[in-house]
Amino acid sequence: MAGLLIHQTWIILGAVLAGLAFMFSTSILLQILACALYSNWWPMLSALMYVLVPMPCLFFGGGSTSFLTSRESNGWINGAKFLTGFSAVGSMAIPAILHHANLIEAGAMWIAFTSFFILACTILCFHRANLDEDW
């Protein structure tokens, strides 16, 4: 009976991992479509911020996202929280600024916003799955 329970747990964890991979792939696909549909590759600048968002977790948090919700006031942790927030706000601001400067169309901006929303949901789901400690 215990072997069946372990097998079911691994199936559920595999489904969670597959769901996260699908969400991440959809986000990247939408980011590329925001550029390709309007023949304008300026929205790809926000993809640069997608690369920068996890960097503070890797450098200052030891690869874990648990420090983001902690109340520790270490200088490095505060710096990592600031850089993570800066990257997240930059991911939303870049398409809005590009649309305001008439470099991209409104449709590309909304597709980029949708891409960011799906990526943010993916990160939050990953953080939640990481808190379960069943991995």
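Overview of results
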| read-out | value |
| --- | --- |
| Test: residue in the range 26-46 that is open to solvent by 70 Å² or more (accessible area, probe 1.4 Å) and either basic (Lys, Arg) or modelled with pLDDT under 90 (or both) | no |
| Residue selected from the range 13-25 under the condition modelled with pLDDT under 90 and exposed (fewer than 11 other Cβ atoms within 10 Å of the Cβ), by the criterion farthest from Met109 (Cα to Cα) | Gly14 |
| Sole residue being modelled with pLDDT under 80, within 20 Å of Asn130 (Cα to Cα) and either of a type outside the set (A, V, I, L, M) or surrounded by 13 or more Cβ atoms within 10 Å (Cβ to Cβ) (or both), chosen from Gly75, Gly62 | Gly62 |
| Qualifying residue in the range 107-127 (condition: surrounded by 20 or more Cβ atoms within 10 Å (Cβ to Cβ), among the β-branched types (Val, Ile, Thr) and in a loop (DSSP other than H, G, I, E, B)) | no |
| Test: residue in the range 32-50 that is under 16 Å from the mean Cα position of the chain (by Cα) and under 30 Å from Ile12 (Cβ atoms) | yes |
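The values are calculated or read from the model by the stated rules, or taken from the named source; none is laboratory data. The structure displayed is predicted, hence computed values, not measured ones. Because the Cβ atoms are built from the backbone with ideal geometry, glycine has one as well, and the counts that use them run over all protein chains shown. To get the accessible areas, we keep the full protein, side chains included, count just its heavy atoms, and leave off ligands, DNA and RNA. Shrake-Rupley method; radii C 1.70, N 1.55, O 1.52, S 1.80 Å.
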